[in-house]
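To start, the structure under review is shown below, and the notes come after it.
What follows draws every value from the coordinates through simple rules; no lab data is involved. Worth saying up front: this structure is predicted, and the values here are computed from it rather than measured. Here the Cβ positions follow ideal geometry from the backbone for every residue, glycine too, while neighbour counts run over all protein chains shown.
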Amino acid sequence: MNNVIAHINRDDGLYLRQSYFDKAKRIVIKVGSAVLTDEHGIDKSVIRNIAREICFLRKSGREVILVSSGAVAAGKRKITIPDDVEIELVQKQALAAIGQPSLMQSYETAFEECDQTVAQVLLTHSDLADRKRYLRVRNTILALFRFNAIPILNENDTVAVDELRFGDNDTLAALIANLIEADMFICLTDVEGLYTANPQIDSGAKPVHTVVAVTKEIEAMAGNVNSALGTGGMQSKIKAAKMVSTGGGSSFIGPGRKKTILQQLFSGEMVGTFFLPASDKIKPRKQWIAHVLKPKGFLILDDGASHAVSKRGCSLLPSGITEVRGVFGIGDAVHCLDNNGNVIAAGLVNYNSEDVDIIKQHHSRQIVNLLGNRDYDEIIHRDNLVLL
């Protein structure tokens, strides 16, 4: 068993978990399609239960954001499409447009039963990739908290194409958790949690209740889970938990169809899998660079530069770059790779790809001779560089 898990016994794990649940005041809850839907589409009884559970948290003074999938499934319920017909992207976008009002109506009706106001927020990746819009999204959500409303977020599937997509709502929820500096990310899905092995074929498989750090071994455990998970799958949920941990938040992955799942969690029952925050928190702006921005290009570093960046916290100088891949402009995000192709860092570049290709493997003092000017000594300053 992974040594990160092995030294935490059940009692210690329960105490750790409970301490984080007790102090969690701002929470992001993500509910996936596998929880919300059945063979007929959106299951309104599940939505009513989720609303009751979230209202339970609100009554204790906590701020809650709900990230909900289900628009496409709701659209399918209104439009008859044979099961054997493959749905293309443009059709999914149309179904999302049809289903989103129905989905929100279901939530609004359910939350009205406990006198709770809700608000709809639809986002694409570009809303967060632009720093000013990123901060406006944060300010809007905080304003909704002041109005005692529950923001219900979803990716804007109607207009999102590949370059505008988050990939899945697990990623969106994790980014929002870091954006608003949430204490906890709760991912409600159709599985009980992580196991040390596949419980369906290994009688010795044991549930993993508490994870100190997301290692490669922990990520491999996602293969032990059999479910009807939606777009992301268990791998994306673990990745999301890892992202939240770097922002200083804890995470939970567990069964979303349990009627009192949130009450069980916050009353100390050992259910699902809980992820502790990372010991070293990344500053908000560097979280944005590391997790929100998609790389426009890649820089291959020699061994000396890789060591200087990853071990000594140095800026990236042109002399340590051996190859430039992709086309990018000044201020764009790029990923830095070592000689073996491993991603070691993300950062914002001071020079465009054409200029970097000219000055690579040269000393900084030679930049002016090669380019005719020298605005910066560094390709990426360490203040704009984040280790991955």
Lysines near Lys206 by alpha-carbon distance under 21 Å, same-chain residues fewer than 8 away left out - which ones?
Lys216, Lys237, Lys258
Simple spin-label estimate for Val368/Val85, 7 Å along Cα→Cβ, in nm, reads 6.8
Gaussian network model of the chain, Cα springs within a sub-10 Å range: biggest mean-square fluctuation belongs to which of Lys59, Lys258, Lys44?
Lys59
Cα-Cα over 30 Å, subset of Lys242/Lys360; Lys25/Lys259; Lys78/Lys294; Lys30/Lys76; Lys30/Lys311:
Lys242/Lys360; Lys78/Lys294; Lys30/Lys311
Would you mind checking segment 257-298 for residues with the amide N under 19 Å from a putative spin-label position 7 Å along Cα→C-beta of Ile330?
296-297
Max mean-square fluctuation residue, GNM over the chain, Cα-Cα springs under 10 Å, options Ser106, Ser245, Ser203:
Ser203
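Of the DSSP beta bridges with both residues in the chain, give the percent that are antiparallel, rounding to the nearest 5.
Numbers: 21 of 53 bridges.
So the antiparallel bridges amount to about 40 percent of the total.
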Do you know the relative contact order of the chain, to the nearest whole percent, from alpha carbon pairs under 8 angstrom that are 6+ apart?
15
